[in-house]
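Enquirer: Below are the structure tokens for one structure; questions will follow.
The values are calculated or read from the model by the stated rules, or taken from the named source; none is laboratory data. Only a predicted model underlies this, so the values are computations on that prediction, with no experimental measurement involved. Cβ sites come from the backbone with ideal geometry, for glycine too, and all protein chains shown count toward neighbours.
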């Protein structure tokens, strides 16, 4: 089916690295030829496992390793400069969320990819979960009618001990925020994807209520008004006792769609019920402490990205799409910091 083999390089060999590396190993038309990390021992270990070269300088890897696709799995503040450098070197780019810390950097990332005619993708792998697909397809079919209102709840745990183990998390200049940009972003993005409308305004509050050693917010709440008149409420904290299943509810004309964790339940007003959850048979085991289903959704999105390169089509989650979610996240922070409603 695919005659072209692609050579990939991965920047960042930390926690999210296995999802990209194992996804690529599952694609028979991609070779991992290089990895990069500023921590040489980590880069060397990854290179040994995947039988490839390693670098500690990402620019050197991009310039010398003979790759045509760059995967970015690094701290948030590095996504923009790395993506822009790779695009200017005529490499296709796929980056982990968030696209960037600042909205203007995200705009530049998209513009550089266009200017250099390279494919650019942003990881929001939860789109590919079976529950997410069920809700999206049912909304698109019109069977639920119009969305009347929406809500998002994220209550997770990121302790001071968690932050103390990182040299970049919990900072405005390197992480770009806390619970919103790191934990709640996936759920907020799904909500925006489901509602599928331009945003009218964001009105939010952010604060640090339970942490001693971080600069950023550990709680956020507010409303997002969409131009199709949907009001979406959100509440997110990362000082709960554990990572409770995220919740999304869409109250519609003909029923209610709910996501609890990865499980979707659609209750129609006529009594019909649809349900979809993660297929446990699709699970990928990466080791203790790694969520088993992460890789399946990563594999699906990364495969779509490479097939888009091959076909010359736009990835399902491209830079333009990612830019809209980045703009929403940035507006939450702007509103929270200024105590003002941010209009689009």
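Enquirer: Can you go through 246, 223, 237, 216 and tell me which one is within 19 Å of the chain's Cα centre (by Cα) and under 16 Å from residue 332 (Cβ atoms)?
Expert: Numbers: 246 fails: under 16 Å from residue 332 (Cβ atoms); 223 fails: within 19 Å of the chain's Cα centre (by Cα); 216 fails: within 19 Å of the chain's Cα centre (by Cα).
Criteria check complete, one pass: 237.
Enquirer: Could you check, for the range 28-37, whether at least one of its residues is out of contact with any helix residue (DSSP H, G or I) (no Cβ under 7 Å at 6 or more places or on another chain), assigned by TED's automatic domain parsing to the domain that holds residue 86, farther than 16 Å from residue 69 by Cα and surrounded by 20 or more Cβ atoms within 10 Å (Cβ to Cβ)?
Expert: Taking every residue of the range 28-37 in turn, none turns out to be out of contact with any helix residue (DSSP H, G or I) (no Cβ under 7 Å at 6 or more places or on another chain), assigned by TED's automatic domain parsing to the domain that holds residue 86, farther than 16 Å from residue 69 by Cα and surrounded by 20 or more Cβ atoms within 10 Å (Cβ to Cβ).
Enquirer: Now for a separate question. Pick from 223, 246, 230, 237: which is closer than 18 Å to residue 140 by Cβ, surrounded by 15 or more Cβ atoms within 10 Å (Cβ to Cβ) and in contact with a strand residue (DSSP E or B) (Cβ under 6 Å, 6 or more places away or on another chain)?
Expert: Working: 223 fails: closer than 18 Å to residue 140 by Cβ; 246 fails: closer than 18 Å to residue 140 by Cβ; 237 fails: closer than 18 Å to residue 140 by Cβ.
Criteria check complete, one pass: 230.
Enquirer: Are any of the residues in the range 36-54 closer than 28 Å to residue 325 by Cα and modelled with pLDDT of 95 or more?
Expert: yes
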